[in-house]
Structure formats: C-alpha cells, structure tokens
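J.: What follows is a single structure, and I will ask about it in a moment.
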Amino acid sequence: MKLNYVGTVLAVAIFVLSLLSGCGAKDPLAGTEWVLVDLGDRLPQEGTSVTLAFKDGQAYGSAGCNSYGGEYTLKGDEISFGAMASTLMACSDQGVMEQETLYLQRLAQASTYSLENGMLVLYLSDGSLMSFSQ
C-alpha cells in the first residue's frame, strides 16, 4: 500500500512539472512595438501611423485613426489574434477609415509570423502578408 501511495505522488509530481515547464516559455513579441510598413498589397496611407505592440498577452495599437486592443496567442511560429476592441472615432478622411478596416480584417487573418532583420512579418491565411518595423 505504501508503494502505491509513493507511485501516485510521483505521478502527480511529474504531471505538475510537465504543466509548469511550458509556463517559462519566452514570448519573443512581449514588450515589442512595431509600425506597419507594408499592408500586403499596398503601403500605409501617407500621414498615418498604424502600430502594433505586445504586452502581457495583449496586442494593441493605433489602426490609423482609432486605437484597438485584444488578446493574442503564440504557439511556435503560429500566431492568432482574438477579437479586437476599437474606439469608434470617425476620421474625416475616408481612405484612412478604409485602411483601418482592412488592417483589422487582415490582423484577424494572421496565422504565422517571423522576426527577421528588425522586421515583424505576419503571414495571413490567404497567402498575403503584412510587414512591420521597429
């Protein structure tokens, strides 16, 4: 009976340690801030600044007119963004509003990412990409 108890305790300890081993995984995006340089098929509109920052499991920034934010998750080189909440200011330039809508739609389509030469590249599920610089 004593052997069975020790085996159970050992099994529980191994299980807990296996769960905790993933907790220390470093998030390479945490604490970084980026500026959009390429929206895939177009450059950001002149005079706008579209930003993306990462902190404590949250992604946030400026979509060009409105601020936005929500959760993101990483698994290897896979990335996904949860629903993004956004402020509701109306911008006077219709082009800025269209760019903002397109940016947030494409952000939701991100499937993988890479960090290369000071750039963050988000690869989208439709095969396109978005590039950011620091």
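Rule-based calculations on the coordinates, nothing more; no lab input. On a predicted model such as this, the values are computed, not experimentally measured, just so you know. Virtual Cβ from ideal backbone geometry, glycine too; neighbours counted across all protein chains shown.
J.: Modelled label-to-label distance, residue 83 and residue 108, 7 Å Cα→beta-carbon offset: nm?
T.: 1.0 nm
J.: Still on this structure, I have one more. Show me, for region 83-93, the HN-Hα J-couplings you get by feeding each phi into the Karplus relation (A = 6.51, B = -1.76, C = 1.60, θ = phi - 60°), rounded to Hz, glycine and proline as x.
T.: 4, 9, 7, 9, 5, 10, 6, 8, 8, 5, 8
J.: Using amide H atoms built in the peptide plane, which far-off residues or other-chain residues are under 5 Å from residue 129 H to H?
T.: Residues meeting the criterion, in which the H sits 1.01 Å from N, are 124.
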